[in-house]
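In what follows, a single structure is set out as structure tokens and then discussed.
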Amino acid sequence: MVRDVRGPAVISCTEVTERRRAELDAQRSRQELAHFTRVSTMGELTASLAHELNQPLAAILTNARAALRFLDAAPPDPGELRAILSDIVDDDKRAGEVIQRLRDLLRKGEPQRVLLDLNVLVKDVVRLLSSDAIIRNVSVTLDLAAEPVHVHGDRIQLQQVMLNLLLNAMEATAERSGPERSVVVRTEITTMLETVHLAVEDTGVGLGPGVSELVFEPFYTTKPAGMGMGLAIVRSIVEAHGGVVWAMQNPTAGATFHVAMPVRYVPT
């Protein structure tokens, strides 16, 4: 409390302090919930992640056995051994990248805003979910802007946005019968609006009447075992990055989820 020397007016800082504390508590709660859903999502992807790791590990084992057989030859072929060892190194890097992506997504910490290329984030998440797409018999196609699509944001949070949108699209598509089971991810820079536009389009069951707004509400879900928090967290993260997210029914089949965020231009 401060008394104005020019008169009897009294200024109170209590209300401002309480409001700031409430904002920090709400932000901390959102971060805790976002981390919990990331951990929960990784648990749901156990089968596909195991498949993603088993592929390079099986290749490493096969190549190591082949190298042992070549060593038994008289004399061993140095060129063949070099090629085998090179394959082992490549597969080891591939397995390490999968583990690193998992560690990043499961990491718990304060958001760190840096310059990011949205195209790179999209490719990382698509690679992480590639085995899950195969299991669901859903094809994922990338239609990305030719140039880097730069935004200023937290890498883990924006990867979670992509993870939730892609999983949502693949789950909706997998529920539909028929051969057309595809998801397309698009990025572009809308120069006139100075925004980055991300779109995830699926050929799934689509959105019912009045559902396009409800899907972003906390605890709204059409899945028997769903928590209804994935898209709510998507909206929370996107809005915290100064962006907007919305959903639209496609003219033919399925739905498209759109994200628009401020573009960050990099001096050349």
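Go through the stretch 79-109 and give me each residue that's of a type in the set (Gly, Ala, Ser) and modelled with pLDDT of 70 or more.
Our first condition is that a residue be of a type in the set (Gly, Ala, Ser); within the stretch 79-109, this holds for 79, 83, 86, 95-96, 109.
Listed by number, the residues that qualify are Gly79, Ala83, Ser86, Ala95, Gly96.
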Exercise for review: Among the residues of the stretch 206-237, write down those that are in a loop (DSSP other than H, G, I, E, B), modelled with pLDDT of 80 or more and of a type in the set (A, V, I, L, M).
Suggested key: Leu207
Study note, to complete from the structure: Per the list (1) surrounded by fewer than 19 Cβ atoms within 10 Å (Cβ to Cβ); (2) of a type outside the set (A, V, I, L, M); (3) assigned to a loop (DSSP other than H, G, I, E, B); (4) touching a strand residue (DSSP E or B) at 6+ places or on another chain (Cβ under 8 Å), residue check on Glu188 breaks on (3)
Point to revise | Residues (of a type in the set (A, V, I, L, M), at pLDDT 85 or above and closer than 28 Å to Gln100 by Cβ) located in the stretch 156-191 | key: Leu158, Val161, Met162, Leu163, Leu165, Leu166, Leu167, Ala169, Met170, Val183, Val184, Val185
Point to revise | Matching residues in the stretch 192-209 - criterion: being free of Cβ contacts under 8 Å to residues at least 24 places away in the same chain and over 16 Å from Pro251 (Cα atoms) | key: Met192
Study note, to complete from the structure: Checked the stretch 191-205 for anything in contact with a helix residue (DSSP H, G or I) (Cβ under 8 Å, 6 or more places away or on another chain), within 25 Å of Asn137 (Cβ to Cβ) and assigned to a strand (DSSP E or B); matches are Leu198, Val200, Glu201, Asp202
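Can you go through Glu201, Glu147, Glu194 and tell me which one is at pLDDT 85 or above, surrounded by 15 or more Cβ atoms within 10 Å (Cβ to Cβ) and of a type in the set (Asp, Glu)?
On the way: Glu147 fails: surrounded by 15 or more Cβ atoms within 10 Å (Cβ to Cβ); Glu194 fails: surrounded by 15 or more Cβ atoms within 10 Å (Cβ to Cβ).
None of the others qualify; the one that does is Glu201.
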Point to revise | the stretch 124-144 - residue that is of a type in the set (Ser, Thr, Tyr) and at pLDDT 85 or above and, of those, farthest from Val184 (Cα to Cα) | key: Ser139
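The values are calculated or read from the model by the stated rules, or taken from the named source; none is laboratory data. Bear in mind the structure is a predicted one, so any value in this text is a computation, not a measurement. We place every Cβ from the backbone using ideal geometry, glycine too, and count neighbours over all the protein chains shown.
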